[in-house]
1. Roughly how many whole Å is it from the C-alpha centroid of region 239-262 to that of region 144-182?
2. For region 8-258, count all C-alpha to C-alpha pairs, find those more than 25 Å apart, and express that count as a whole percent of the total.
3. Please give the contour-minus-distance gain from ASP237 to LYS262: 0.36 nm per residue of separation, less the Cα-Cα distance, rounded to one decimal in nm.
4. At 7 Å along the Cα-to-beta-carbon direction for both ASP42 and GLN245, put a label point, then send me their distance in nm to one decimal.
5. Considering the Cα trace of region 121-179, what is its radius of gyration and what is Dmax, both in angstroms?
6. Going down the list LYS41/LYS261; LYS98/LYS238; LYS5/LYS47, which pairs span over 25 Å between their C-alpha atoms?
7. Over the chain, what relative contact order in percent results from Cα pairs under 8 Å that are six or more residues apart?
8. May I ask you to compute the full-extension gain from ILE163 to HIS57, defined as 0.36 nm times their residue separation minus their alpha-carbon distance, rounded to one decimal in nm?
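Every number here is computed from the coordinates shown, using simple stated rules; none is lab data. No experiment lies behind these values; they were computed from the predicted model shown. As a convention, Cβ positions derive from the backbone with ideal geometry for all residues, glycine included, and neighbour counts pool all protein chains shown.
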Amino acid sequence: MSKMKPFIYIASLRRTGSTVLSEALTLLPYSFIFLEPNLGKDRFSIKKRDAGMFLKHGIDLEAFKKNWSENKQKYIIESFKRELMPHLASCVSQIGVKEIHHDGWRKYRQHFPEMKFLLTGRDPRDIYISLYYRMKSGKGNFPGIFCPEAVANDLNQEFQRQIEMDKENDCLKIRYEDLCTNEKIFDKILSFVESEIPAIGAVGNFNALNPKRQDEYELHGGHITTKRVNRRHHEPDKNLVMEAQRTFDLMPEYCKFWDYKK
């Protein structure tokens, strides 16, 4: 295969469309985005979709992971680049990752210095409402007590890392609302990451394979839709809308950066 294209790092916050963006950029033999592998935190978390996709091409990710003993974990991202990437290059020309926790982002950049950063954001009010219903259905998780203060604190923490990335690197900012409504945004993304993918990729695969996400698959199917854009405007629970607004009010720097207004 030709020379590998730049590594992609999708730097997301919870419920900001990162999975659908990752899948839109996943289409072999052009590109593949790993979903939250946590390599920057000295781990390699493998999703069922990721393992299944490459096993079809003779690459056993689980077996590769087992070859790393516990005392070598701190070298896992180095091994990923040195040992696994050449195998991946036999069937795909661009590799990337999607993460929602970014305390290890500089390790990625250390090993992939030319990587392309895609930052994702969404109106905090809609993030809060989305998280609330995930928690209520028992299909999501959140550390500690779920409330506007805790959600704002969690989001602000990861947002500060987005700020670091944006200050130190050339980044493309992608709002969930734009991804769902602006047909031209995908072409802009492809140009930024130097992708040659000829069409939107495997959107919906992760939800389809995940029992906890069947409701989302039934809602969106294999498409990028507008059905959850500006969710707060259609929310009948007024108390929930007030809590969502409280979350928004606790995130002024984020709202300014992403251009969200009351």
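1. 12 Å
2. Details: 13827 of 31375 pairs.
Pairs farther apart than 25 Å: 44 percent.
3. On the way: separation 25, 0.36 × 25 = 9.00 nm, distance 1.85 nm.
Stretched fully, the ASP237-LYS262 segment lengthens by 7.1 nm.
4. In this crude label model, ASP42 to GLN245 measures out at 4.6 nm.
5. Expressed in Å, the Cα Rg and Dmax of region 121-179 come to 13.3, 39.
6. Details: LYS41/LYS261 34 Å; LYS98/LYS238 33 Å; LYS5/LYS47 23 Å.
In this structure, LYS41/LYS261; LYS98/LYS238 exceed 25 Å between Cα atoms.
7. Numbers: 368 pairs, mean separation 76.3, N = 262.
About 29 percent, as a whole number.
8. Using 0.36 nm per residue and subtracting the Cα-Cα distance, I get 34.4 nm.
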